[in-house]
Amino acid sequence: MAAKRPATRRKAPASRRTTARRKHPARRVKVPRRGPLHARLGTWLVLRVVVPMVADRRSVMQSRKDAAILRATHDGCTTCHGNGQIFTKGKDGSFTGSKPCPAKPTKTKVSRAEINRAARIGADKRTGLVGWTCPCGKKEKPRYRDAKTATKALRAHEKTKHGGASVGGTWYAQQTEAAALAPSKPAPAPKLKTRKAAAKTATS
């Protein structure tokens, strides 16, 4: 009688290979536990100070470029007065919010050199951006694209420094001179006097 052949084992289906998300090159570097002290301190300084500072600088520059594009494409606009977005104000004159300009852009294309120059040079490099200030003395220059992100940064400051309680911090915006002088809301049209009102004033 012939010997039974062992049953061949089926191979399990190959699992789907997924590529792991690669981290930033500087994030993959770890502080060495051994080695010279100056090498360990230098690595720690790069990871904890230099990398966040470079990322923050890039985000600020991108916001300035976005604001410069809006100013260039809305140059001469009668709605936003060249600001690119509209900042609304309350009755006391404080800023209450921001919204994009609903009007069509006056220009459809702007040169890259003009945008880089407007975002880096001159007093208008922060125009169109929003900053915040706190009564405790902490203040951030205009660097945020809208009031929502500036308020978020203000709330983060209140959470870390004031236990999450609001102490009256506000945000402010840098606008073009024409937008700052223009009223936030159009003044109501004067009412026309009716015949009865005119007769009443004439008899009195």
Item to complete: Could you please tell me which pairs satisfy a Cβ distance under 8 Å, a separation of 6+ or placement on different chains, a first residue in the range 100-125 that is more than 16 Å from residue 84 (Cβ to Cβ) and modelled with pLDDT of 90 or more, and a second residue that is among the acidic types (Asp, Glu) and open to solvent by 50 Å² or more (accessible area, probe 1.4 Å)?
Response: none
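Residues are listed down the side, and each one gets a yes or a no for (1) within 31 Å of the chain's Cα centre (by Cα); (2) at pLDDT below 80:
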| residue | (1), (2) |
| --- | --- |
| 25 | yes, yes |
| 28 | yes, yes |
| 31 | no, yes |
| 43 | yes, yes |
| 62 | yes, no |
Discussion item. For the range 87-96, which positions are touching a residue at least 60 places away in the same chain (Cβ under 8 Å) and not in a loop (DSSP other than H, G, I, E, B)?
Written reply: 87, 88, 89, 95
Discussion item. I'm checking my understanding of the structure. Among residues of the range 54-96 that are touching a Cys at 6+ places or on another chain (Cβ under 6 Å) and within 19 Å of residue 151 (Cβ to Cβ), which one is least open to solvent (accessible area, probe 1.4 Å)?
Written reply: 85
Fill in: Enumeration of residues in the range 97-132 that are surrounded by fewer than 16 Cβ atoms within 10 Å (Cβ to Cβ) and assigned to a strand (DSSP E or B)
97, 99, 100
Response to the item:
Filtering the range 163-201 for residues that are surrounded by 11 or more Cβ atoms within 10 Å (Cβ to Cβ), modelled with pLDDT of 60 or more and either over 17 Å from residue 93 (Cα atoms) or not charged (D, E, K, R) (or both) leaves a count of 13
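The values are calculated or read from the model by the stated rules, or taken from the named source; none is laboratory data. Being a predicted model, the structure only gives us computed values, none of them experimental. Reconstructed Cβ throughout: ideal geometry from the backbone, glycine too, with neighbour counts over all protein chains shown. Each accessible area value is taken on the protein alone, full model and side chains, heavy atoms only, with ligands, DNA and RNA left out. Shrake-Rupley method; radii C 1.70, N 1.55, O 1.52, S 1.80 Å.
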